[in-house]
Amino acid sequence: MRNTPDFSKADQVIRQALNDEAFTSACLLVGRGERVLFRRAYGRLSMEEDAPLTTEQTRYDLASLTKPLVIGMLTLRAMESGKLCLWDQLGTFVDAPEDKRAITIAQILTHTAGFSTGVHLWQTCRNPNQATEHLLAAPLRYRPGSAQQYCCAGYILLGQLLECLYDMRLSELAVQEVFWPLKMQKTGYLPVAGNIAATEMQDDGKCLSGVVHDENARFLGGVSGNAGVFSTMDDLALFVQMLAAQGALPDGSRYLSPATVRLSMQNHTSTMPQGRGLGFYLPKLDNGYTGDLFPVETIGHTGFTGTSFTLDPTSGLYVILLTNRICPSRDSMQIYRVRRLLHNAVYAAVSTAGL
C-alpha cells in the first residue's frame, strides 16, 4: 500500500534557506502527473520587513526558463506545423554572414551554435533595432557543432526568427502558441504591478519588481527569447504536466505529439560536457542542480533569478522551485546548494512512500 509522501525535510530545506538569507521569497510545488503532492509559499516579496507575504499566486521573473518554455515550445510547434525543421539553417531565414549561415535550429537549441556567451546588447548597441545586426556580426567562439557553450545570443536570434516566421510579436506569439493553449493565465511578458517577487537592488536603493532582471531582455523592451517571462508555480505546473503526459492536455486534446516530446527530451549532445535536449537541460549528466537521486533521464532548466523546474519523465515526478535569490544581490550563491538539497529531500520522500 502506498503512503502519502512526507515532505517535511524538503520544507525544512526551504525554511533554512530563508533563515540563511539565500532568498526572501519562494514557492515550491511537487507533483506527479496531474496530481499535486505538495504546494507551499514562503517568505516575503522583498527584503523590507514590512514587504507583503509571498502567496501561492506570487509571480517570479523566470529568467532563462523563458528559453524552454517559449522558444523551445514555439520551435517544436513550428516543426510540427511544417514551418521549419530542426536542421534548417540560419541562412534560410536571415541574411547571415558566411560563418553563421550553416548554423542549424538544433544547434541553437542545444547551445552548440558557437555564439559567444558574453552578450551585452545594452552596452554595445545604441538602440534595440541594432540587436540583430550586432548578434550576427559578432565573431563565433568556435565552429558550429564542434563544441558547447551556454549562451543567450542564439535564443535571442531564434526568438526574432520566430517573430518573422509568424509575423507576430514574440509576446503575442507566446500567448497564442504557449500560454493560452496550456491555460497558463498568469504567465507572460511585461507583467502589470502586483504580487511579484522583487529581484536585484538598483542604484536608487530599490529592488526591481515586475521589470525583467536580464539586461539584454530589458534593453529589448522586456520581450526576448532568452528571458522576460513572469509566471507562478501553478502555471508552470501546467507546462510540466503536459511534458509528463507526452504532450497531452487534461481535456484530452494534444499540445505536442508524443514523438516530438520524446525527441525534445533526448540528449542531443552526448559527446559534450553537458547533456542538452531541445531547449532542455539534462542535469544529471554533469552533476547538475538536481542532486544525487533523480535519474539520468531527468530534464529541466534553471533561471539566473533563482527559478527552476525539474521533471523525471520515467515516473512523471516534477519539482518547481521559484525564488528571488538575487534579492538584494546577484552575489548570493547559496541557491546552487539549496537546489541539490531540496531535490534529494523530495526524491527520498517520494521513494520512501513508494510512489
- prompt: VAL70 passes all but one of (1) in a helix (DSSP H, G or I); (2) under 25 Å from ASN195 (Cβ atoms); (3) at pLDDT below 95; which number fails?
  reply: (3)
Sole exception among (1) over 20 Å from PHE219 (Cβ atoms); (2) touching a residue at least 60 places away in the same chain (Cβ under 8 Å); (3) touching a Phe, Trp or Tyr at 6+ places or on another chain (Cβ under 8 Å) for GLN149, by number: (2)
task: For segment 21-32, state whether one or more residues are over 19 Å from LEU341 (Cβ atoms), open to solvent by 30 Å² or more (accessible area, probe 1.4 Å) and touching a Pro at 6+ places or on another chain (Cβ under 8 Å).
output: no
query: Name the pairs: first residue in segment 32-56 and within 17 Å of ALA349 (Cβ to Cβ) and free of Cβ contacts under 8 Å to residues at least 12 places away in the same chain, second residue open to solvent by 70 Å² or more (accessible area, probe 1.4 Å) and among the acidic types (Asp, Glu), Cβ to Cβ under 7 Å, at least 6 apart or on different chains?
result: none
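Quick one: which residue in ARG330, ARG339, ARG254, ARG276 is of a type in the set (Lys, Arg), at pLDDT 95 or above and in contact with a His (Cβ under 9 Å, 6 or more places away or on another chain)?
ARG276
Please verify whether segment 310-326 includes one or more residues that are over 18 Å from the mean Cα position of the chain (by Cα) and of a type in the set (Phe, Trp, Tyr).
no
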- prompt: Just one of the numbered conditions (1) part of a loop (DSSP other than H, G, I, E, B); (2) open to solvent by less than 10 Å² (accessible area, probe 1.4 Å); (3) not aromatic (Phe, Trp, Tyr) is not true of GLN185; which one?
  reply: (2)
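Yes/no matrix, rows are residues, columns are (1) open to solvent by 40 Å² or more (accessible area, probe 1.4 Å); (2) assigned to a helix (DSSP H, G or I); (3) in contact with an Asp or Glu (Cβ under 9 Å, 6 or more places away or on another chain):
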| residue | (1), (2), (3) |
| --- | --- |
| LYS284 | yes, yes, yes |
| VAL296 | yes, no, no |
| ILE326 | no, no, yes |
| ARG339 | no, yes, no |
| VAL350 | no, yes, no |
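Per-residue answers, yes or no, for (1) open to solvent by less than 20 Å² (accessible area, probe 1.4 Å); (2) over 21 Å from ILE108 (Cα atoms); (3) not in a loop (DSSP other than H, G, I, E, B):
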residue	(1), (2), (3)
GLY225	yes, no, no
LEU236	yes, yes, yes
MET242	yes, yes, yes
GLY252	no, yes, no
LEU256	yes, no, no
SER270	no, no, no
GLY291	yes, yes, no
THR305	yes, yes, no
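The values are calculated or read from the model by the stated rules, or taken from the named source; none is laboratory data. In this text, all values refer to a predicted model and were calculated from it rather than measured experimentally. Quick reminder, even Gly has a Cβ in these numbers, built from the backbone with ideal geometry, and neighbours come from all protein chains shown. These area figures cover heavy atoms from the full protein model, side chains too; ligands, DNA and RNA do not enter into them. Shrake-Rupley method; radii C 1.70, N 1.55, O 1.52, S 1.80 Å.
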